[in-house]
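S.K.: Below is a structure I'd like to ask you about.
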Amino acid sequence: MRAGLAIGTALTAMLALSSCASNEASASSSSGSASGSAPANLSGTLNGVGSSAQTNAQTAWQKGFQTANSGVTVNYDPQGSGAGRTAFESGGADFAGSDSALPAAELSGGFKECKAGTKGIDIPVYVSPVALVYNLSGVKSLNLDATTLAKVFSGKITKWNDPAITALNKGTSLPSSTITPVYRSDKSGTTNNFTDYLHQVAGSVWTQAAADAFPYKTGEGAAKGSGVVSAVTNGKGTIGYVDNSSAGTLSVVKIKVGSSFVAPAADVASKIAETSPLDSAHTGNDVVVKVNRTTTDPTEYPITLVSYLIACQSYQDSSKAALVKAYAQYVTSAAGQQAAASTAKSAPMTGTLASKAQAAVATIK
């Protein structure tokens, strides 16, 4: 991770692309509790790097927060979760966006902006289903289960009319053409969530543990969620995995859950995020959800990602701490969650998870 020192140097130029979140809407309609939560007269610049899945949500959050706090500029560069964590560690970002939490052992590492002897914390901010998108002429509906997906993405199933696929799609005419799986070529929290699902539900096929780096090189690699969408859109017989907010008009797979097939949607993602346990390896103000990948409840979607804002528990610079805290308060508020849902089709955090996230934000100093 410490290899990413160059990210900080390049950040200024790159962030210009995302710093222009507009201040068009009225504070009352878009910022909700941001104006009530943030200290008066906030000013300064806040730089975040990370999850491309959070891109659309971050745009909504930038707009709402900057509307209520006109003296603040929030930049977010969606380089990917791995790049975000590296930038945060090296001091190239004030916070990271990540679709996978930092391992507990790494949270006490030497983060450049954090006070010596203090830790980083993971704060859940964004809940969204991971969609399996595909491009297959004439096939507008497709059912798959975890074992079949594991075989497709590991290269064990190579044809669309394989008996395992046809058995799940009775009455659908499937071509004999080659399947081209598209995977993230960069380190990605979306990959971590997808491979975690495959390993837990189809472990006899997918023997690799969950990881940010995709473990196989079958098919085609593409950088960032936008790269996967482009590759699937422009390639016949392709299938890939992206945050649901990026699926656009692509066809989307229904995943077998119990005896039913379930499409990615906000309600089924929100339900599983709320009912899943917290990861006991993360304690105190470090709030990490251990998504129940093996659910058989068709009102839950097991390939759901809970994405995090990674921040210092204590910053060296108190003014920077105030900015991060105020921004995170807005992001985790009901208004911030609804803004993301409206823009990114995400699942607003509710109940216990929302309360725990807001309590963790309140401890930033």
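The values are calculated or read from the model by the stated rules, or taken from the named source; none is laboratory data. Since the structure is predicted, the reported quantities are computational estimates derived from the model, not experimental observations. Heads up, the Cβs are rebuilt from the backbone with ideal geometry, glycines too, and the neighbour counts pull from every protein chain shown.
S.K.: Listed residues Val205, Val201; which is closer than 22 Å to Pro264 by Cα, buried (at least 17 other Cβ atoms within 10 Å of the Cβ) and out of contact with any strand residue (DSSP E or B) (no Cβ under 7 Å at 6 or more places or on another chain)?
M.R.: Val201
S.K.: Which of (1) assigned by TED's automatic domain parsing to the domain that holds Gln58; (2) assigned to a helix (DSSP H, G or I) does Gly225 not meet, given it meets every other one?
M.R.: All conditions pass for Gly225, except number (1).
S.K.: If Val306 meets every condition in (1) touching a Ser or Thr at 6+ places or on another chain (Cβ under 7 Å); (2) within 28 Å of Tyr197 (Cα to Cα) apart from one, which number is that one?
M.R.: (1)
S.K.: Among the listed residues Val252, Val306, Val229, Val291, identify the single one that is of a type outside the set (Phe, Trp, Tyr), surrounded by fewer than 23 Cβ atoms within 10 Å (Cβ to Cβ) and out of contact with any Gly (no Cβ under 8 Å at 6 or more places or on another chain).
M.R.: Val252
S.K.: Assigned to a loop (DSSP other than H, G, I, E, B), farther than 20 Å from Met349 by Cα, β-branched (Val, Ile, Thr) and at pLDDT below 95, is that true of Thr218?
M.R.: Here the answer is yes, as Thr218 does meet what is asked.
S.K.: Condition first: β-branched (Val, Ile, Thr) and part of a strand (DSSP E or B). Now tell me which residues in the range 122-160 satisfy that.
M.R.: Passing the criteria: Ile123, Val125, Val127, Val130, Val133.
S.K.: Okay, next question. Looking only at helices (runs of 4 or more DSSP H) that fall completely inside the range 27-114, which ones have 1 or more residues that are at pLDDT 95 or above and polar (S, T, N, Q)?
M.R.: Answer list for the range 27-114: 55-68.
S.K.: While we're here: Would it be correct to say that Ala167 is loosely packed, with under 14 Cβ neighbours inside 10 Å and at pLDDT 95 or above?
M.R.: yes
S.K.: Now, a different point. Report the residue count in the range 115-164 for those that are modelled with pLDDT under 95 and within 20 Å of Trp206 (Cβ to Cβ).
M.R.: 0
S.K.: Just to be sure I understand, how many residues within the range 232-249 are charged (D, E, K, R) and either without any contact (Cβ under 8 Å) to a residue 24 or more places away in the chain or surrounded by fewer than 24 Cβ atoms within 10 Å (Cβ to Cβ) (or both)?
M.R.: Matching residues across the range 232-249 total 1.
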